[in-house]
Amino acid sequence: MIGSSVPPSAAEFLAAPVSTRVASRRAARIGVTCRWRRLPLQEAPLAPSNFLISFLRAREMEKQQRDGDGGGGAGAAEGDIERLPADLLAHVLSLLPSFRDLSIAGGVSRRWSRAVERSLASRRRLSFAGQRTGDDTAARFVRAAVNLRDLDICWGCKITDEGLIKISSADCVGKLTSISLWGLAGITDKGVIQLVSRAYSLQHLNIGGTFITDESLNAVANSCANLKSIILWSCRHVTEAGLVALVNKCQRLECINVGGMRVPPESFVGLLSISPALQIRSIPQIILNAGVQVS
């Protein structure tokens, strides 16, 4: 149990159960100590992410109620929150699975806002899917996530070319192995080219449901030599020429999804002449002796 010097609300937060094995592994990774007891982190209980989510959403409801009542009464609760050790707070925040919960956490206090940015440094994956995230917010979070490998900015986001350009300047972009821009109606070749031109380690790209043209594919072909898969579903402004350029230069490309495009199915025979092992998905069944692999 945690000592009585910890305020009750913080004690409830910190006492949530977690497996000793997982706690020990996380402690070994980040090497921090629990200041309030001066014990190794593996000897103190950690809060699982679902408990933290409930805590944050309860805080959000309390804030809305206070705002409706004209404010006030938040001092004691804020005091409890401020007593959480900064290193433990950042680690626990790193367990949050969604951007929405990170946003709520960042609004609890200035200290929590700094802890959110600190927690992003250890994240390997970040998803804004389904959130009405804007350019500035998305760029700020991505810049803080210096070890990011998987970036999901897809449907629901309010991202434009300006946002992609800002994101492209983040230190992690050159290390990204997966990017999804699925269904972003507000982006064009301008933003996509800027982003993929710095994504040298990219292996998986989803730009389906966007209005890109061959210009974006040329940028991918010239910058992403390690590309293994790409989704171009319903990219109706991409032509056969763009696909040929992509397959010619991305020699590690294994799979391409071309469903809903305006390129005639017969055109894909030419792609297989360049890369016989290429898997071409979501195209209509065509003449079998053409040699097109359909799945």
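Readers should treat all values here as calculations from the given coordinates under stated rules, not as data from a laboratory. Quick caveat, the model's predicted, so the values are computed rather than measured. Methodologically, a virtual Cβ is constructed for each residue, glycine included, from the backbone with ideal geometry; neighbour enumeration extends over all protein chains shown.
Whole-Hz Karplus values for the stretch 246-252 come out as 5, 5, 4, 8, 8, 6, 9 Hz, taken residue by residue from phi with 6.51 cos²θ - 1.76 cosθ + 1.60 and θ = phi - 60°; glycine and proline positions read x. Site pair residue 147 and residue 109 shows an inter-label distance of 2.6 nm when each label is modelled 7 Å from Cα along Cα→Cβ.
Just check the stretch 172-219 against the gyration tensor rule for me: Cα atoms, a ≥ b ≥ c as the square roots of the eigenvalues, rounded for a/c under 1.5, and otherwise prolate or oblate depending on whether a/b exceeds b/c. Since a/c reaches 1.5 and a/b is larger than b/c, the shape of the stretch 172-219 is classed as prolate. One way to sum up the overall shape of the stretch 109-248 is the equivalent ellipsoid from its Cα gyration tensor, whose semi-axes run 27, 16, 11 Å, largest first.
Short version: what are the Cα gyration tensor semi-axes of the stretch 196-254, square root of 5 times each eigenvalue, largest first, in whole Å? Don't jump to the answer; show the numbers that get you there.
Details: eigenvalues 54, 28, 21 Å².
Semi-axes from the Cα gyration tensor: 16, 12, 10 Å.
With both labels modelled 7 Å from their Cα along Cα-to-Cβ, the residue 251 to residue 236 distance reads 3.7 nm. Each residue of the stretch 190-195 was assigned a 3J(HN,Hα) from its phi angle through the Karplus curve 6.51 cos²θ - 1.76 cosθ + 1.60 (θ = phi - 60°); the sequence is 4, x, 5, 4, 4, 6 Hz, with glycine and proline shown as x.
Looking at the stretch 115-170, the trypsin sites (Lys or Arg not before Pro) that sit in a DSSP loop and have at most 14 other Cβ atoms within 10 Å of their own Cβ are 124, 132.
Karplus-derived 3J(HN,Hα) values for the stretch 176-184, using 6.51 cos²θ - 1.76 cosθ + 1.60 with θ = phi - 60°, are 5, 9, 9, 9, 10, 10, 3, x, 7 Hz; glycine and proline are entered as x.
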